[in-house]
Structure formats: C-alpha cells, structure tokens
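The next block holds one structure in the form of structure tokens; read it before the comments.
Computed from the coordinates by the stated procedures, all read-outs in this text should not be read as laboratory data. In this text the structure is predicted, and so the values were computed from the model without any measurement. Cβ placement follows ideal geometry from the backbone for every residue including glycine, while neighbour counts extend to all protein chains displayed.
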Amino acid sequence: MTASLTQTPRSAMAGAAARRRPRRAWVPYAFLAPTAAVLAAGFLLPILEVLRRSFYEGSIAVDGRFVGVQNYSDLFSDGAFWTTVWVTLLFTAGSVIGGLALGLGTALVLNRAFRGRGVVRMLIIVPWALPIVPAVLVWRWALDNQYGVINHLLRTAGLIDANIAWLNSPVWALPVVIVIQIWRSFPFAAVLFLAGLQNVRKELYEAAAIDGAGAFAQFRYVTLPGLRPVIAVLALLKTVWALGADVTVIFLATRGGPAGETRVLSLAAYIEAFDRYDFGRAATLGAVVLVLATVPALVYLRTRRAHDA
C-alpha cells in the first residue's frame, strides 16, 4: 500500500513534466527534408518539365506556342506510333519473362550443393557487372553477318546455309536484342531469387516429400509460393526498366532499326529530341512512357495492399 502511494505522486510528476516538455514531432521531418528536396529536384521537377513541354510546340531553344493536347492528338493518329508501342510491349514482355525464367532456373541450380558452386556463382554475375558498351559491342561482333562467330558455329553445325544479318533483319533484329537484354539482366534476378530460396523453410519440402510430392509438385506448391514476393518485385522493376531505362542495348545494337523494327518508345523520344530537335513530340512520348511505367507500379501497390489487408 505504501509503495503504491509513493509511486502515484512520481507518476503524476512524470506526466506533468512530459506535458511541459515541448513537442518535437517536427524533428523527423526536419531530418527528412534535405533528402526530400534532393528527390524533388532530381526526380519530380524533370517529370513536371516533361509534362509541361508536352503541351508546347518547341525546339531546344524556345518553348514555342502552347498547343494544348495537339501533340497527343498528332501522336495517337500516327500509325508509326502504334507500331512503336507494339514493339515496346514485345520487348518488355520478352525481356521480363525471359529474364525471370532464366534467373529462376539459374537460382534453382545454384541453390544446390555441387563442386565449384562458389566459382559458378561469381561467374554468373559477369554479364550484369560488365559495362554495357563493351558488352553490346562484343555481341555485335559475334552477330556480324560476315565475321561473326555465331554464324560460323551455325554453319558448322549445318543449321543454316548462308550467313544471317541478325541485327539488320526485320525478322531477327527484335528477338536478338531481347536475347541480349535477357543475357544482361538475368544475373540480377538470379541473385534475388537465390536469396529468396534461402528463406523458404526446409521443413516445407520435407513435409511435401512425406506427402508424396515429387520435384515438380514441390516446386509448384512450395517454391513458387515462397518466392511470390520476390517475383512480384522483380517483375515490377524489370517492367519499369524495360519500358523506360533499358534502351541502351537497343541503341548500341540497332539504333531502332531496321526500319523501326526495334524502336521502342524511350528510344523514339530520344530520336525526336536529339536527332530531329522536336522537343514537344519527344516530351509527349516521354509522358506516354511515364504512364505505361506507372501502371504496373499501381497494380503492384494495389495487390500488395489487398494482400496485407
């Protein structure tokens, strides 16, 4: 009873002191303010500038006159634009699905114990770690229609009768740049998948084996559900990158050719801006890319919110 009587005044004094202490709820925001300012200056302002320019008819020197949605109307009525959209979707789907599949297969192999696994894990990173310019130049040499090693190997194996101009062929150019993009990006997916496999509990595999599940059933009902968050994040990242950022491979390999067969939206925006100096149309293309890249992010956030709820 005495202890409770002595504790009550102390707790009351502590409460009074807490009420007298000035509120400092603004302190975390003060620490975050510099970072927010840098992000706004380096990320938000360029986006707003692109959106603003898409409503003007201008060059590199001046904005020109305000044309409203005329740039969008001209763009959507251009048949070449829809061809570029189709190429963009094919490139995105091929590189994302192929990169995820190859990355997952590689991770499943590297997750097993075998001699030299550490060396193989290190070598897998090489395509991702190589600078993109020399990497694509090596691919261009290998695919050369006269001296390329790929044509030589295919002719030696009897699979082709004559050399193929891979990067100049309307049939093969897009599949080839997709393959190059998959080769370059799959190590990133493999590393994340391998980390995700480490978090799948071994007891689940043991229980599935006791229930008579084979290797495929274990992969379907244990591995894939355990990797679902990793798959979602990777699919989102690779989709956004393929839509907006991963155009260097195409630029170095084909520059959008032949005849626009590998021209994606981001590359088309670059060509409009720096080859034709039509910054209004380039900004309009950039706005379209922004919308396309935002859609998968919103789908992911909505799905994630529903899953967490």
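So here's what we get for this one:
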| read-out | value |
| --- | --- |
| Euclidean distance between Cα centres, the range 141-170 to the range 271-287, Å | 35 Å |
| Förster-model FRET efficiency, 45 Å R0, Ile132 and Ser77, C-beta, rounded to 0.05 | 0.80 |
| Residues whose placed amide H lies under 5 Å from that of Tyr56, excluding near-sequence neighbours | Val67 |
| Estimated FRET transfer efficiency when R0 is 45 angstrom, pair Leu108-Leu39 (beta carbons, to 0.05) | 0.75 |
| Full-extension gain in nm, Leu224 to Arg305, via 0.36 nm per residue minus C-alpha separation | 27.1 nm |
| Relative contact order computed over the chain (Cα-Cα under 8 Å; 6+ residues apart), in percent | 26 percent |
| Sites Val200 and Val149 - FRET efficiency at Förster radius 45 Å, r taken between beta-carbons, to 0.05 | 0.70 |
| Distance (nanometres) between label positions extended 7 Å along Cα→Cβ at Leu90 and Arg52 | 3.8 nm |
| Highest to lowest packing among 203-210, 175-182, scored as the average C-beta count within 10 Å | 175-182, 203-210 |
| With Cα atoms, 0 to 90° folded angle of helix 79-110 axis to the chain main axis | 70 degrees |
| Most fluctuating residue given options Ser266, Ser169, Ser73, as computed from a GNM of the chain linking Cα atoms under 10 Å | Ser73 |
| Environment charge of Ile210, counting only residues whose C-beta is closer than 15 Å and scoring Lys/Arg +1, Asp/Glu -1 | -1 |
| Computed P(r) (all Cα pairs; the chain; 20 Å bins; percent) | 23, 44, 24, 8, 2, 0 |
| Label point distance in nm, Ala157-Ala25, each placed 7 Å from Cα along Cα→Cβ | 6.7 nm |
